[in-house]
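A short write-up of the structure that comes next.
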There are 2 protein chains.
Amino acid sequence: MSENIFDNIPKPADKEFFERLLLKNGLKIERIVSFGHATPELEWYDQKKDEWVILLKGEAVISFLNGDDVRLKAGDYINIAAHKKHKVSWTKPDEESIWLAVHY
Amino acid sequence: MSENIFDNIPKPADKEFFERLLLKNGLKIERIVSFGHATPELEWYDQKKDEWVILLKGEAVISFLNGDDVRLKAGDYINIAAHKKHKVSWTKPDEESIWLAVHY
């Protein structure tokens, strides 16, 4: 009945892995696995929904269009308002970084 | 801009600690810290909303009225439908157990 967020980690690849864990009542929960990935240089995420995201393993930096950089370690969480443009500018290259994202 | 789910752990006390992290758009995200706590013997949680919950530290057992027991370790997550009666029948006594619960 339960599953583990740290199980079945895919092998390192060219892209991040997005895996939907739940989709119900307008809520989406997903796991994201990064291996040193960053959002491409000139792209920004511009999301229709608010996102609450927690980094559960690894390290990362989220950068915002306004110039703010937020460095995250395991356990750090942040709320990103809809349409607040952001990108993942860095993730730890030598191990996987695991995110839990709640889109609501 | 970010906070850490493992920071500011309260001292062990008689009761579990429930801390709201987010309340917006009908979504509630909370942190629960248990120190060997269990739901009282004759009580069951009977929640109006669905709950997606992940154990981030410690160990626990969730029991359901139908007799199912689900043992959880760090990283294990489970979805509990609204009105599915359940209780926390055990948490690890010698360290804190930290839950992240999404009520939606």
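Values computed for the structure shown
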{"quantity": "Choice from B:LYS11, B:LYS92, B:LYS49 showing the highest fluctuation, given a GNM over chain B with Cα pairs closer than 10 Å", "calculated": "B:LYS11"}
{"quantity": "Rounded Å value of the spacing that divides the Cα centres of the stretch A:1-55 and the stretch B:1-70", "calculated": "23"}
{"quantity": "Cα-projected label distance for A:HIS83 with A:LEU23, points at 7 Å along beta-carbon direction, nm", "calculated": "2.5"}
{"quantity": "Amide hydrogen neighbours beyond the local backbone of A:GLU59, cut-off 5 Å, H modeled", "calculated": "A:LYS92"}
{"quantity": "Charge dipole (debye, nearest 20) of the protein assembly as shown; +1 at Cβ of Lys and Arg, -1 at Cβ of Asp and Glu", "calculated": "620"}
{"quantity": "Relative contact order (%) - criterion: Cα under 8 Å, at least six apart; region: the stretch A:44-93", "calculated": "50"}
{"quantity": "Residue among A:LEU23, A:LEU42, A:LEU56 with the largest mean-square fluctuation in a Gaussian network model of chain A, springs linking Cα atoms under 10 Å", "calculated": "A:LEU42"}
{"quantity": "Relative contact order of chain B, pairs being alpha-carbon contacts under 8 Å that are 6 or more residues apart, as %", "calculated": "35"}
{"quantity": "Cα-Cα separations in the stretch B:62-104 greater than 11 Å, expressed as whole percent", "calculated": "72"}
{"quantity": "Descending semi-axes in whole angstrom, ellipsoid equivalent of the protein assembly as shown, from the Cα gyration tensor", "calculated": "31, 18, 16"}
{"quantity": "Over 20 Å (Cα to Cα) - which of A:LYS15/A:LYS49; A:LYS49/B:LYS24; A:LYS49/A:LYS73; A:LYS24/B:LYS28; B:LYS48/B:LYS84 fall in this group", "calculated": "A:LYS15/A:LYS49; A:LYS49/A:LYS73"}
{"quantity": "Of A:ILE62, A:GLY26, A:ALA13, farthest towards positive along the dipole that unit charges on Lys, Arg, Asp, Glu beta carbons give the stretch A:1-103", "calculated": "A:GLY26"}
{"quantity": "Rg/Rh ratio calculated on Cα atoms of the stretch A:22-92 (Kirkwood radius)", "calculated": "0.95"}
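Here, each number is a calculation from the coordinates, and none is a lab measurement. Quick caveat: nothing in here was measured; it's all calculated off a predicted structure. Here Cβ is always computed from backbone atoms with ideal geometry, including for glycine, and neighbour counts include all displayed protein chains.
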